[in-house]
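Working notes for the structure below.
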Amino acid sequence: MMLSAPPAAVAQADPLTDALADAIASERVLIDELTATMLRQRAAVGVDDLQTVDDSVFATHRLLLTLGEARKRRRSVNELLGLDLDLKVRDLDDALGSRMTPRLKNERDALRDAAHTLSREIDINRRVLRDALAHSETYVRAMRGIPAEVTPAYGAKGMTTYTPSHTASFSRTS
């Protein structure tokens, strides 16, 4: 008769490990929202939609502030669990030992996957924005609020939008 190994002990959830799982889940949701913002930003750059690019910058700022608050919440729960405040999520198994729950593992893994996806999307956006800036004078001018160059009609040299008013000359003769 073959004896099977006893099933591995599954950690029982307690309010603090549940709170840590909730905090990690909140961070993952925010990172997913940041990823979606990066995708919207990239699409906007592709069609020269400067308003959406600007909106995505604002949304990114707002989400980063909220993510900072979510991380503070996780640090507080870490402290209540007797863990290092700045414990990396990858070190949760070692730090919690037998208190590590399946839900907490799942949330931790989902957070790590979301963070890797966000990192990849940010790298892509950096390249896309760098290329757009390097290859599109119109895009650069629009981002800086500089109007398009005025080309004088028939080759005549006329006053452009950049000519200071004190340099303009007027003839009073007809």
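Just so it is clear, none of the values below were taken in a lab; they were calculated from the coordinates. Given the structure is predicted, the values throughout are model-derived calculations rather than measurements. Don't worry about glycine lacking a Cβ; one is built from the backbone with ideal geometry, like all the others, and counts go over all protein chains shown.
Quick check: Cα centre of the range 103-132 to Cα centre of the range 50-89, how many Å? Here the two parts' Cα centres lie 14 Å apart.
Sequence-ordered 3J(HN,Hα) estimates for the range 115-132 from the Karplus curve with 6.51, -1.76 and 1.60 and θ = phi - 60° stand at 5, 5, 4, 4, 4, 5, 5, 5, 4, 5, 4, 4, 5, 4, 5, 4, 5, 4 Hz, glycine and proline given as x. Packing-based ranking of 106-119, 80-93 yields 106-119, 80-93, ordered from highest to lowest mean Cβ neighbour count within 10 Å.
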